[in-house]
Every structure is written in C-alpha cells, then in structure tokens.
1. What ranking, highest mean first, results for peptides 101-112, 346-357 when packing means the other Cβ atoms within 10 Å averaged over each residue?
2. Taking the mean number of other Cβ atoms within 10 Å as a proxy for protection, how do you rank 246-253, 271-278 from highest to lowest?
3. If you take the Cα Rg of the stretch 53-115 and divide it by 2.2 N^0.38 Å, with N the number of residues, what do you get?
4. Using the alpha-carbon centroid of each, what span in Å lies between the stretch 303-323 and the stretch 154-229?
5. Non-local amide H neighbours of Lys176 (under 5 Å, H modeled in plane, Pro and chain starts lacking H): which ones?
6. Could you sort 360-367, 312-319, 146-153 so that the peptide with the highest average Cβ count within 10 Å comes first and the rest follow in order?
7. Give the separation of the Cα centroids, the stretch 48-72 to the stretch 239-272, in Å.
8. Near Arg114, within a Cβ-to-Cβ distance under 10 Å, what is the net charge of the other residues, with Lys and Arg +1 and Asp and Glu -1?
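Rule-based calculations on the coordinates, nothing more; no lab input. All figures in this text were calculated on a predicted structure; none of them were measured in a lab. Glycine also receives a Cβ, built like all others from the backbone with ideal geometry; neighbour counts cover every protein chain displayed.
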Amino acid sequence: MGKEILWSEILTFKRSRYQEFDNGLFRLTNLKNLQVLFMKTNNELKQFILGIPKAELHVHIEGTLEPELAFAIADRNNLSLPFNSPEQLRKAYNFNNLQSFLNLYYVASRVLQREKDFYDLAMAYLTKAHLETVRHAEIFLDPQTHTQRGVPFETIIGGISKATIDAEKEFGISTKLIMCFLRDLSAESAMETLTQALTFKEWIIGIGLDSSELGNPPERFKNVFDRAHQEGFLTVAHAGEEGPPEYIWQALEALKVSRIDHGVRCIEDPELVEKLKSERIPLTVCPISNVKLRLFNTIREHNLKKLLDLGLCVTVNSDDPAYFGGYIFENYVAVTEALGLDKNDLYLVARNSFEASFLTQEEKERYIAKLDKYMSEYRD
Ligand code: HPA
Ligand code: ZN
C-alpha cells in the first residue's frame, strides 16, 4: 500500500494546473497523472466514493470559479479584481451566511466577459467532475449576473454549451443546463430573462431560483414559473436553505417545481417531510456549503443522514465548490466520515442522484445499471 495521499494536497494540485494554450484558452493539464494520484489513496472507502458513478444536480457554474482561474481570466480581459492575488482572494472566503458569500461570488463573476471565459470555466468544472466519476451533471447558470453588466445572453450560453459538447466527447460526461433567476431582483427582470432564453431552448432544460432567500419568497415568481412551464421547461428552486419550510411549500405549490435545492429546513415541518417522502420529491443537498454558510455548525450536526433515514430522495452535491473548498467527492467523503454513512447509504445517494435527474427514464436506467455493476464488481 502506498502512502495515504493528503486530500488537501490533491485539492491544491487540482487548483494549480491551469495552463494557457496558444489559442488563449485555459485548460487543466496533466489529467493522467492527476487520475493516478487520485487512485493512489489507500483509504478504501474514499476509493469506493471516488469511483462510484454519480450525478451532480446542484452546482452553480459561477461557483466553480477558482481564484487562480479568476485571476488568469481577469488578466486576459485587462480587468482587475479587488484583491492582490489568488491567495488573498481565497483568504476572504470566510462567510457568516448566504449573503456574505453572494457578495464575493458576484464580485468575482465580473471577470467573465467573453465566450471563451465561460468555456474555460465550464471545461475546468467538467474536467474535475469527470475525475470524480460524475457521469452526469446538471449545471446552474445565473444569466442576470452577466446580462446586467452588458454581457450578451448568447456569449454565456455559447461558452458553456460548447464546453459541455467537448466534455461529452472527451470524457463521456452528459450534462443539462438550468438557468436560475436571481430572486433578489424583480419578477419583471426574471420574465425578461425567460424571454431571452426562449431562443436558446435547445440548450436549457430547466429553470431555477437562487440568490438571497430570506425576504424573497418563491410565490413572487409564480407568473414567470407558470410561463416557464407553458414553454416546456422543467423547474426547480432553492428553498429551505436559510428560508423557512413555508418557502418549500410555496416552491412546490405556487411554482410547481419538481425538485427542491437544499431543502434541509423541511425537517421542521413533519407534514412537509411526509409530502416530500410520499411524492418522492428530491432534495439536492450540499453539506459542505451548509456548514460554510453556517446553517449547521459542523458536518456532524448536518441532518442529511436523518433525511435519508426518513426515506427522502436525498442527493449530495457541491453547490459552489471553489468557494466552499470541496467538489462532489469531498462532499461525499465529509458526510461519510462525519455521519457514518456505509456503502449501502452511498449506493442509495448515488442511485437517488440519477433518479432525481432530468434524464429520460431510459437514460436513468442505463446509468443505474452501471452503478449496480460497480456495486457488484467492487471488492473491498
Ligand atoms: N443559495 C442561493 N443562491 C446561490 C447559492 C446558494 O447556495 N449559490 C449560488 N447562488
Ligand atoms: Zn445553490
């Protein structure tokens, strides 16, 4: 057995490999070595987690912007960030709540201006996801963050969708895009954004709702979600992250969403828990995010295992991995270690991730068959 690799080393390694190519694009390099490094761990459960086929259903593309890439893109665009270095930016990652994180997240997002910026960002995420055996990813984007600054809608979608095509060719990873409305902006602005999205319908499967939750209840967006349904979009909403169970009810009853993002505060309302359970409405839970934004003091206090044991369709996701210090692998590891998940629990979570996805029934079954094969062939 080789020496145990330090997981913090791997994280640093992952962050250090952006290379500028002649065409001006940044890519993560040295993939083979990275994969070998990953597989060299002698921690059996971590290897199991790394290799288990999984889907990621809750990741904001802007939240995958690592400081090194933010600085590289800022340079390329002759922009400056209000920090001297990537290290200094990372030092500012000390959040008290959702709003304190969002403030920084929107500042860093300003470096994204051109199609290739969005391409590089999405490609870096998809490369990492692939290394962690994410077979399918449903990725959020926040168009208003960029269109408000004058970046055209097609620049955003163009860069991200081209990266998803290349990543599928290179790694076999499948993806869907979900466009979120910023709930601290007006319903009119959301409606305008929905209208812009209609031209890009073939690239966008779903509509979501994110940003500052408290004081911005889902029902404010009922009309725009009604229209999204009429246009054939699937829908999700962040609810019950900082907001009360009432917001989850509203997301379900007024917005008619098919999945709840976060939703961890559902546990305060037994009737709601019963509804989520009996209708198998999935929750896309993001454990490290919830601790970094102080919903729970530690992962040990996180209610993910309770929700799983209550029979809810719980999935594990990374949310904004560059800001919270953990991609999907680190999230699975964190809950496994702190809450004592066993291989059956992990199987269930991975299976839920495919079940809860927006893939067709046939595609879901194909992925679940691969997962079952992994389980049957896996040897301790
Ligand atoms: N909650 C709400 N909005 C967000 C988040 C989140 O966790 N991440 C990025 N935008
Ligand atoms: Zn989120």
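1. Details: 101-112: 19.3, 346-357: 22.4.
Taking the mean over residues of other Cβ atoms within 10 Å, the ranking is 346-357, 101-112.
2. Values: 246-253: 21.8, 271-278: 15.6.
Sorting 246-253, 271-278 by mean packing, highest first, produces 246-253, 271-278.
3. Values: Rg = 12.8 Å, N = 63, 2.2 N^0.38 = 10.6 Å.
So the stretch 53-115 has a normalised radius of gyration of 1.20.
4. Result: 22 Å between the Cα centres.
5. Under 5 Å from the amide H of Lys176: Ala137, Glu138, Ile139.
6. Working: 360-367: 13.0, 312-319: 27.1, 146-153: 15.2.
Highest-to-lowest ranking by the protection proxy: 312-319, 146-153, 360-367.
7. Here the two parts' Cα centres lie 25 Å apart.
8. On the way: positive: Arg76, Lys116; negative: Glu115, Asp117, Asp120.
So the surrounding residues net to -1.
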